[in-house]
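Accompanying notes for the structure given below.
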Amino acid sequence: MIIELHLLQSFPVSNLNRDDLGQPKTARFGAVTRARISSQSLKRAARDSLDKYGLNPEELGKRSKRHGEKAAEILVERGVGQDFDTACRVTELALKVLGFKLDDKRRLSYLLFLLSTAPRALADACEEHWDTLVRELGKRDVELEKKTSGKTSKVKTEKEWISSLQKSPSGPLLSFKKATQDAFLQGSRQAVDIALFGRMIADHSDKNVIAASQVAHALSTHGVTTDFDYFTALDDFSRGEEPGAGMVGTIEFNAACYYRYANLDLDQLRTNLWPTHKDTEAVPDPDDLVARTVQAWLRAFIHAVPSGKQATMAARTVPETLFAVVRDHGAWNLANAFLKPVTDANDLLAASTDRLLRRYAKIKSFYGDDQIRGSAFHTLADEVPDAANTHHSAVTCDEFVQYILETAGCTR
């Protein structure tokens with residue numbers, strides 16, 4: 001089963017999502033330049049608010065290069081080892097034995113998306129195998145010191161040394177690797193936001209997760225041009241002494257009505273949360289977690305607003321047209337309703353809403369609606385044709401969300 005969310009949202013003067021030059025992102029669509037907000041920006045805004053809508057922080061993930069450092073901090077807090085640097089060396093060795101590459105700052109070479117409790121799992125394993133890990137580091141230090149002093153030239157490379165620790169049947173860290181890998185990685189697959197948005201781990205492709213939610217780049221329903229705000233700033237200590245501004249510059253911005261689209265595959269979500277049926281036995285109420293996840297996903301995306309330049313522009317708006325569809329299969333992104341840009345409209349939101357509903361009706365008429373279980377609609381725009389005959393007309397956002405949850409069978 002699939003839930004689709006279609007939103008129309010207008011932002012006033014804003015630069016919510018910048019490119020490498022600091023300009024608002026754009027795209028050519030229908031031979032016209034449109035304002036654009038990247039899917040990554042929208043997903044980040046949604047991810048940051050999932051815990052506000054019924055999910056616990058420990059059910060969510062953290063994407064970072066610093067999992068080893070966090071594990072070292074936990075070890076130091078527990079009083080394990082002599083100091084933070086030693087704890088870091090131990091967690092670094094642990095990560096290498098688990099098959100991860102580190103950069104020149106001794107951090108993971110890429111952002112790793114894991115359950116928020118993963119550093120604690122790594123710290124637990126390092127504490128349990130502390131003596132073995134420290135002993136192997138000591139042996140390595142002695143070998144490198146002999147090489148530096150010229151007493152020997154036969155020293156394994158870093159790659160050879162780690163490989164010997166990983167693969168030797170009698171290797172001292174083989175049991176550590178087997179015991180730790182599941183706790184550090186496999187358990188992380190149950191992080192709700194990993195289940196929603198997927199994960200790729202280059203060094204452990206078997207732990208990759210296919211995203212249950214697909215998110216489109218938001219596009220303006222009309223053409224846009226980038227404008228420039230010339231600003232000046234005064235030096236408070238030089239007022240009245242030196243004429244002119246202490247700083248001048250420009251900020252680029254636009255203003256647009258965006259079409260936003262996202263969908264959620266409930267079957268894929270369940271598969272991601274519990275790769276095997278056996279895994280659900282450890283969860284007190286699997287259906288409750290799915291229901292809370294779907295509700296959090298709906299509310300988080302409805303209220304998702306990127307943080308770019310908000311301190312200077314405060315473009316804090318909400319979607320004013322909300323349309324959701326619950327279906328057994330398939331997906332219809334309705335962006336082509338705006339392939340011909342909306343122009344010369346007294347009410348841009350009303351015109352865009354009308355376009356959206358007309359496009360959906362045409363597609364449904366041609367392709368059929370046997371896969372559609374229900375749809376909900378609400379708009380704050382004026383002069384929009386009544387949609388109550390074909391969609392559930394929600395009066396409040398709570399009712400809108402509740403109807404979708406009930407139609408998708410995700411009530412608690």
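The values are calculated or read from the model by the stated rules, or taken from the named source; none is laboratory data. All values reported here derive from a predicted model rather than from experimental measurement. Don't worry about glycine lacking a Cβ; one is built from the backbone with ideal geometry, like all the others, and counts go over all protein chains shown.
Details
- Screening the range 311-354 for residues that are out of contact with any Ser or Thr (no Cβ under 8 Å at 6 or more places or on another chain) and among the polar types (S, T, N, Q) and picking the one that is nearest to Val384 (Cα to Cα) gives Asn346.
- Scanning the range 90-107 for residues that are under 22 Å from Leu174 (Cβ atoms), in contact (Cβ under 8 Å) with a residue 40 or more places away in the chain and either touching a Gly at 6+ places or on another chain (Cβ under 9 Å) or of a type in the set (A, V, I, L, M) (or both) yields Val90, Leu93, Ala94, Val97, Leu98, Phe100.
- Residue within the range 203-219 that is farther than 30 Å from Trp274 by Cα, modelled with pLDDT of 75 or more and either in contact with a Phe, Trp or Tyr (Cβ under 8 Å, 6 or more places away or on another chain) or not in a helix (DSSP H, G or I) (or both) present: yes
- Within the range 257-289, if we keep just the residues that are touching a Pro at 6+ places or on another chain (Cβ under 9 Å) and of a type in the set (A, V, I, L, M, F, W, C), the residue that is modelled with the highest pLDDT turns out to be Leu273.
- Residues located in the range 318-369, provided they are among the aromatic types (Phe, Trp, Tyr) and part of a helix (DSSP H, G or I): Phe338, Tyr360, Phe366, Tyr367
- Of note, Asp182 does not satisfy the criterion of being surrounded by 22 or more Cβ atoms within 10 Å (Cβ to Cβ) and of a type in the set (Asp, Glu).
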